[in-house]
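Please read the structure below before turning to the comments.
The values are calculated or read from the model by the stated rules, or taken from the named source; none is laboratory data. Keep in mind the model is a prediction, meaning the values are calculated, not measured. Backbone-built Cβ (ideal geometry, glycine too); neighbour counts: all protein chains shown.
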Amino acid sequence: MNYPRHLSTSKRLDRHQRGAALIVSLLILLVLTVLGIASMGTTTLQERMANNNRQRQVAFQVAEVALRAAETFLATNITSVATLATSFNAGTPVAGLYSQRPPVTGASTRPLVADIYKDTDWLAAGNTVLVTSVTNVTQQPRYLIEYIGRVGAPPPTSYSNKKPDTRQFAFRITAIGWGEGAAPSARYMVQSSFRMPLI
């Protein structure tokens, strides 16, 4: 009978292949572990990038709110040359309002001495205007307004020297917003030019 002989041959083959499946399985498991760790690192990095982008967008939107609040302030409160002279005069300083040129003849300038690139100057009392209408941020946005002067060349004088000066009054608005969190690291600063006629 050849049956027992055949059985002994298969037993010999089994003896030579013991542990090969285990080694192959462990190698496959090692490769999958390395791939998993690498993908986790990539996912963590992408989450950080997404969070940084979100914080930057929040800071930008908050700064835009402050910019619009400053424009609304100008359109609502500076309605005449007299209110311009009162608000932007160094003799009667108003927080967050500055002037590079005298608003009217005889008024004194109030140049901006704060460094707009330092958070401490933005947060110092009297330097800027606080906007409190924003929710879900720990650091409220702020703005400051600088009176630049009249826009364009002065009109030629008529023979009677009574030709009205129709040039507009120009302002530069600078606003800053911060991201979310107890100590926000994202900040965004925006500026705009604002012109309007005054009587």
| request: Evaluate the stretch 178-198: report whether one residue or more is of a type outside the set (S, T, N, Q), over 30 Å from the mean Cα position of the chain (by Cα), surrounded by fewer than 10 Cβ atoms within 10 Å (Cβ to Cβ) and under 20 Å from Ala75 (Cβ atoms). | output: yes
| When only residues in the stretch 102-121 that are over 14 Å from Met189 (Cα atoms) and touching a strand residue (DSSP E or B) at 6+ places or on another chain (Cβ under 7 Å) count, which is surrounded by the fewest Cβ atoms within 10 Å (Cβ to Cβ)? | Pro111
| message | I'm checking my understanding of the structure. Among residues of the stretch 63-82 that are hydroxyl-bearing (Ser, Thr, Tyr) and at pLDDT 95 or above, which one is surrounded by the most Cβ atoms within 10 Å (Cβ to Cβ)? | response | Thr72
| query | Does Ser99 satisfy being in contact with a strand residue (DSSP E or B) (Cβ under 7 Å, 6 or more places away or on another chain), among the hydroxyl-bearing types (Ser, Thr, Tyr) and modelled with pLDDT of 90 or more? | reply | yes
| Check on Phe88, aromatic (Phe, Trp, Tyr), at pLDDT 95 or above and surrounded by 10 or more Cβ atoms within 10 Å (Cβ to Cβ) | no
| field | Residue check for Thr44: over 24 Å from Val131 (Cβ atoms) and part of a helix (DSSP H, G or I) | value | yes
| Within the stretch 66-109, restricting attention to residues that are in contact with a Pro (Cβ under 6 Å, 6 or more places away or on another chain) and outside any loop (DSSP other than H, G, I, E, B), which residue is farthest from Ser133 (Cα to Cα)? | Ala85
| remark: The correct count of residues that are in contact with a Phe, Trp or Tyr (Cβ under 9 Å, 6 or more places away or on another chain) and either modelled with pLDDT of 95 or more or aliphatic (A, V, I, L, M) (or both) in the stretch 116-129 is 3
| task | Could you list all residues from the stretch 110-161 that are more than 22 Å from the chain's Cα centre (by Cα) and farther than 19 Å from Ala90 by Cβ? | result | Val151, Gly152, Ala153, Pro154, Pro155, Pro156, Thr157, Ser158, Tyr159, Ser160, Asn161
| Flag for Ala124 being more than 16 Å from Gln191 (Cβ to Cβ), in contact with a strand residue (DSSP E or B) (Cβ under 7 Å, 6 or more places away or on another chain) and of a type in the set (Gly, Ala, Ser) | no
